[in-house]
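Participant: The structure's right below; bear with me while I get my questions together.
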Amino acid sequence: MTMEKFKIHDIWVHFPFVPYPSQEAFMAKLLESLNGGKNGLLESPTGTGKTLCLLCASMAWLDLEKRYKEIPDLRLMNESGPSAENETTGDEMPVSDFKPPKSHKIYFCSRTHSQIMQAIQEFKNTGYQHLRTTVLASRNHLCIHPSAKKAGGNLDNKCRSLRKKTKCDAPDPLVIPDIEDVPKKCQKCNCDHTCPFYTNFQEMKKAKGDELDFPFTFSGAFDQKTLIEKCKKYSVCPFYMSRHLKETADVIFLPYSYIFNPHILKGLNLDIMNAIIIIDEGHNLEKVCEENASFSIQFSDVDNCSKELKNALEYTGDEKFPASVRERDLHELQEILVKLRKNLELLEADKARNGQFCISIFSDSGFTKKEWRRQLHNLKEVAQFFGEKELKTEGMRKITNVVTTVFYLDSDDGDGSQESTLEKSFVLYKEKLTPETILTGVEPKIFLWCFDAGVIMKSLQRKGVHSFIVTSGTLSPLEPLKSSLGITFEVELINEHVIDTSQVLALSIGRVEKASLDARFNYRERNKDILYPAFGQLVLKVAEVSPKGLLIFFPSGKVKKDCLDNWNNTPFQDSSLYDAIEKQKVIYEEPKNSSDLPGLQKVFFKKIAEPNSKGACLVGVLSGKVSEGIDFKDDLGRAVIMFGIPFPPFMDPWVKHKRKHICEHRGEEADEDWYLSQGIRPVNQALGRIIRHQGDYGVVVLADTRYIIDQRIIKELPGWLKKAREVVAFPQVSYRLKNFFSTIPSKMKNIKKRTEIQQEKIRERHQKEMEIEEHPAYDYHDLSNLKMVETKRKQILSKEILDLEKKIQSASALTQSLLVEIAETKVKIGIREVCTTAADNCTDYDSDCESTGDGEWDEAIGPKCKMVN
């Protein structure tokens with residue numbers, strides 16, 4: 001693939017095509033962050049090629065840094081920039097400012113595994129295939145051992161037991177990846193033998209010797225699917241192979257939690273010193289950080305752990321029971337849990353206390369600052385032993401996670417200010433249940449809430465992260481996000497879209513006939529029978545006129561259900577309002593379970609693709625499964641209707657205490673900004689489903705009076721949408737949509753011509769940059785693209801040289817053997833050699849004169865030897 005080459009901030013970037021101005025602006029801000037070791041908040045609308053820009057610009061920077069590490073003088077030459085009048089050689093370069101080269105890695109984080117897979121596919125389109133990559137995922141995603149996969153939630157412990165060497169001397173049973181019906185247990189011992197995939201992985205790692213001989217070293221970009229396929233080919237474990245590859249990888253693709261969950265980060269032993277951490281779809285980062293520093297617990301969790309420890313007492317005589325755990329240790333843990341349950345029961349419901357009180361509860365119970373590590377070690381050892389025996393460990397695992405979280409700030413990751421941080425940033429809360437709920441046997445939950453994402457972000461920054469790059473199509477408003485993350489972001493960007501304003505029709509509608517489209521909670525609950533039928537008429541009108549895919553988003557699952565039920569019960573002509581809409585477009589609803597989403601997508605996409613189809617309607621919830629991460633490009637999404645705004649319920653205990661925390665530490669204005677951002681950010685995220693690339697187009701309908709009268713909300717809508725937004729009356733809707741969809745084909749032709757002219761001008765600028773550049777781009781990049789070819793060539797030549805050396809050694813050994821045989825034969829028949837020179841006569845048994853083969857030495861060579869009987 002031919003790459004477009006251009007220079008940004010003195011770094012040559014290679015891109016699959018001529019970039020749009022907004023893409024160049026995005027990459028410029030990213031490189032500004034990386035060059036200065038700064039953190040960046042970079043917003044670029046969905047559909048602007050954000051992920052590709054992230055990858056190309058960050059890889060270009062990393063690639064150059066790798067060159068600097070290989071050739072330190074290169075940095076000095078580039079940064080000193082000697083002029084023609086005052087040239088200096090490498091030997092004359094000043095060394096006082098020389099900084100030793102650093103080793104950088106890029107951690108590319110995204111929310112879901114499907115988003116990670118999309119990012120890896122984009123990486124395959126770049127010109128940086130010579131950089132090493134790997135993808136990290138859990139055993140649930142990567143394990144290929146049939147027996148282990150059946151373990152479900154006990155998979156980790158099952159894996160541990162399968163990694164231990166078997167004592168059985170019978171042949172290993174056949175294990176085929178992912179095939180469930182093949183016998184896997186040994187017929188002699190009726191047990192699983194050591195996992196063959198793990199054994200093969202260890203042997204491959206041990207035998208690899210030269211890294212060039214390792215079949216996974218230069219294999220391109222792995223996603224989960226390709227990694228598993230390659231590992232099956234070599235019968236090695238994908239889970240451990242991915243972790244092995246991370247040691248030498250330049251780019252690591254992984255889920256959020258692997259970085260922002262302190263326990264997982266520590267368990268993976270990820271080296272983030274000098275790392276670039278890119279958080280794609282980072283609009284949820286505040287929530288991710290806070291949740292990873294929080295927990296919830298119930299009395300049943302403590303009871304389950306107590307039962308499991310009681311059961312453990314029966315196994316202390318087992319030869320495999322952990323030797324470091326004694327009976328008195330188990331009794332100690334049981335006594336602690338009895339006290340902990342009592343202390344949790346004594347907590348007053350619906351009363352918040354600061355996080356320091358949580359430490360007091362666990363310390364009073366027996367998990368003290370001095371002893372908690374030892375106690376936790378014992379608990380983990382027993383849990384591991386139980387897991388290998390496939391016994392219940394849910395209680396022990398829960399208590400382990402809770403205690404680890406409680407004492408997180410007292411661990412190595414903490415900043416030494418545990419008490420003040422717990423007091424300022426954490427809240428302990430026990431929920432209050434109604435008498436009716438208590439009678440049903442439901443237990444209250446006790447929460448430790450973290451209200452400061454900076455607790456996690458600062459701990460990562462202290463580990464020496466080079467730059468955090470937080471990106472999304474919907475980071476705005478930036479100020480609340482910056483304040484909540486707790487670290488400094490020196491570089492910011494709210495980017496333009498790649499589309500023309502005429503590619504979007506955005507309509508704000510506040511009334512349908514006499515009914516107000518006021519979706520605020522109080523009005524909505526009082527006027528359902530008026531509001532929902534009115535909104536249904538608007539949906540029907542849009543469904544009649546818009547082609548192919550229609551998306552509808554509600555503020556909550558309850559509102560969606562209430563509205564759809566209302567449509568089913570609202571008479572319309574000779575049927576119901578729901579049936580009238582479905583005659584125009586088949587209605588599909590967002591599934592409750594994530595596992596059902598791929599099937600829904602397949603059915604929806606198939607319906608859209610049917611010839612002469614009117615299309616289909618997909619109904620989802622804001623902040624739900626459909627509103628983020630799914631690509632509804634082109635006909636899959638020609639119109640989107642937004643009903644309401646998903647503000648958090650302000651009487652919810654978490655929301656109340658979160659807002660109180662913000663008011664106390666950042667002020668009332670910051671609280672208002674935060675609350676607004678929680679409602680408008682999911683709206684903006686869902687709006688991004690409609691425009692997925694530069695040649696896309698569509699209609700946006702904002703069905704709520706607040707999109708007309710509330711300037712705070714209007715201000716926070718995406719810039720590309722605000723430019724196209726109009727306020728229209730309900731009777732105008734049909735005409736406006738018909739006009740838009742009838743004229744858009746000719747508009748798109750004109751836009752395409754203008755874009756081609758614009759892109760050609762950009763290409764010409766890039767060409768001029770190449771012509772005047774003293775050191776063309778291939779100096780730093782194109783030669784790197786040859787690295788894989790040269791490496792393979794070196795590999796082949798190395799093997800050929802090795803084969804030749806072996807042949808020479810073999811020939812040499814044969815020659816020596818023949819010489820010995822000749823000498824022995826001469827001795828047997830009484831022949832000896834006499835060499836004479838001009839100087840004197842001598843007998844020379846070590847002469848290196850060359851024989852002509854006829855018993856005489858060549859006179860031209862020198863000495864003359866005769867054979868004497």
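Participant: Do any of LYS5/LYS29; LYS105/LYS715; LYS541/LYS747; LYS124/LYS560; LYS287/LYS463; LYS50/LYS541 go past 28 Å between their Cα atoms, and which?
Facilitator: LYS105/LYS715; LYS124/LYS560; LYS50/LYS541
Participant: Also: Sort out for me the Cα centre separation of region 451-507 from region 298-376, rounded to whole Å.
Facilitator: So the separation of the two Cα centres works out to 40 Å.
Participant: Now, a different point. Sort LYS307, LYS389 by heavy-atom solvent-accessible area, probe 1.4 angstrom, most to least.
Facilitator: Largest accessible area first, the residues go LYS307, LYS389.
Participant: Ordering LYS66, LYS392 from largest to smallest accessible area (1.4 angstrom probe), what's the sequence?
Facilitator: Reading off the accessible areas and sorting them downward yields LYS392, LYS66.
Participant: In addition: Given the whole protein assembly as supplied and a 1.4 Å probe, what does the accessible area of SER235 come to in Å², nearest 10?
Facilitator: For SER235, the solvent-accessible surface is approximately 40 Å².
Participant: Assigning unit charges at the beta carbon (Lys, Arg +1; Asp, Glu -1) and nothing else, what dipole magnitude in debye, to the nearest 20, does region 299-444 show about its Cα centre?
Facilitator: 160 debye
Participant: So for region 299-444, taking the charge dipole from beta-carbon charges (+1 Lys/Arg, -1 Asp/Glu), which of TRP372, PRO322, ALA383 sits furthest toward the positive end?
Facilitator: Farthest towards the positive pole: TRP372.
Participant: Scan region 524-560 for trypsin sites (Lys or Arg not before Pro) in coil per DSSP, keeping those whose Cβ has at most 13 other Cβ atoms within 10 Å, and list them by number.
Facilitator: Counting only loop positions with at most 13 other Cβ atoms within 10 Å, none of the trypsin sites (Lys or Arg not before Pro) in region 524-560 qualifies.
Participant: A follow-up question, please. Residue-wise, which Karplus ³J(HN,Hα) couplings in Hz belong to region 549-557, taking 6.51 cos²θ - 1.76 cosθ + 1.60, θ = phi - 60°, and x for glycine or proline?
Facilitator: The phi angles translate into x, 10, 10, 10, 10, 10, x, 7, x Hz.
Participant: Quick one: which residues, 5+ away or cross-chain, put their amide H under 5 Å from the amide H of ARG511? H built at 1.01 Å from N.
Facilitator: LEU517, PHE730
Participant: Sticking with this one: Would you kindly derive the ³J(HN,Hα) couplings of region 317-325 from the backbone phi angles with the Karplus curve 6.51 cos²θ - 1.76 cosθ + 1.60 (θ = phi - 60°), listing them in order in whole Hz, with x for Gly and Pro?
Facilitator: So the Karplus estimates, Gly and Pro as x, are x, 5, 5, 8, 5, x, 5, 6, 9 Hz.
Participant: I've got another one for you. Once you keep just the Cα pairs under 8 angstrom separated by 6 or more residues, what percentage relative contact order results for region 299-444?
Facilitator: Dividing the mean separation by the residue count of region 299-444 yields 35 percent.
Participant: Heavy atoms of the protein only, probe of 1.4 Å, neighbouring chains included. What is the accessible area of PHE572 in Å², nearest 10?
Facilitator: Looks like 50 Å² after rounding.
Participant: Separate question: Beyond a 32 Å Cα-Cα separation, which of these cross-linked pairs lie in this structure: LYS165/LYS458; LYS149/LYS458; LYS430/LYS558?
Facilitator: LYS165/LYS458; LYS149/LYS458
Participant: Read phi for every residue in region 708-723 and hand back ³J(HN,Hα) as whole Hz from Karplus 6.51 cos²θ - 1.76 cosθ + 1.60, θ = phi - 60°, with x for Gly and Pro.
Facilitator: Using θ = phi - 60°, the values come out as 10, 9, 9, 5, 4, 6, 4, 4, 8, 5, x, x, 5, 7, 4, 5 Hz.
Participant: Going through the cross-link list LYS266/LYS794; LYS150/LYS380; LYS7/LYS625; LYS392/LYS602, which pairs have a Cα-Cα distance over 31 Å in this structure?
Facilitator: The answer is LYS266/LYS794; LYS7/LYS625; LYS392/LYS602.
Participant: Which shape class applies to region 480-563: rounded if a/c is under 1.5, otherwise prolate when a/b exceeds b/c and oblate if not, where a ≥ b ≥ c are the square roots of the Cα gyration tensor eigenvalues?
Facilitator: Oblate, since a/c reaches 1.5 and b/c is not below a/b.
The values are calculated or read from the model by the stated rules, or taken from the named source; none is laboratory data. What you see is a predicted model, and the numbers here were worked out from it, not measured in a lab. Note that we place each Cβ from the backbone using ideal geometry, even for glycine, and neighbour counts take in every protein chain shown. SASA here: full protein model, heavy atoms, side chains in, ligands and nucleic acids out. Shrake-Rupley method; radii C 1.70, N 1.55, O 1.52, S 1.80 Å.
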